[in-house]
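Engineer: First the structure, then my questions, so here it is.
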Amino acid sequence: MAGVEFEFMKDGPMIVKKNGKMEFALCRCGHSMKKPFCSGAHAENGFKADSGKLELKD
Ligand code: FES
């Protein structure tokens, strides 16, 4: 899974990227209307979470 990154947005979803290109955003707040993907609902429900990044290498 080289070239895959998981970027945790502050107070928002986890962005999955492959070779630097965004593939999709997964909900972390539990309130999405289109789970497992982020619907933007996190902005309305006061979700708080730290940012971070995880990169898979060879
Ligand atoms: S993180 Fe965006 S709707 Fe849950």
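The values are calculated or read from the model by the stated rules, or taken from the named source; none is laboratory data. Keep in mind it's a predicted model, so treat the numbers as computed, not measured. Reconstructed Cβ throughout: ideal geometry from the backbone, glycine too, with neighbour counts over all protein chains shown.
Engineer: Looking at segment 19-58 only, could you name the residues that are modelled with pLDDT under 95 and either touching a strand residue (DSSP E or B) at 6+ places or on another chain (Cβ under 6 Å) or not in a loop (DSSP other than H, G, I, E, B) (or both)?
Structural biologist: Result: Glu55, Leu56.
Engineer: I've got another one for you. Which count do you get for residues in segment 31-51 that are touching a residue at least 12 places away in the same chain (Cβ under 8 Å) and either within 7 Å of the ligand (Cβ to nearest atom) or within 10 Å of the chain's Cα centre (by Cα) (or both)?
Structural biologist: Residues that pass the stated criteria total 8.
Engineer: Which members of segment 1-28 meet the condition of being surrounded by 15 or more Cβ atoms within 10 Å (Cβ to Cβ) and away from the ligand (no atom under 14 Å from the Cβ)?
Structural biologist: Once the filter is applied, which keeps residues that are surrounded by 15 or more Cβ atoms within 10 Å (Cβ to Cβ) and away from the ligand (no atom under 14 Å from the Cβ), segment 1-28 yields Glu5, Lys17.
Engineer: Tally the residues that are in contact with a Leu (Cβ under 8 Å, 6 or more places away or on another chain) and of a type in the set (Gly, Ala, Ser), restricting the search to segment 1-34.
Structural biologist: 2
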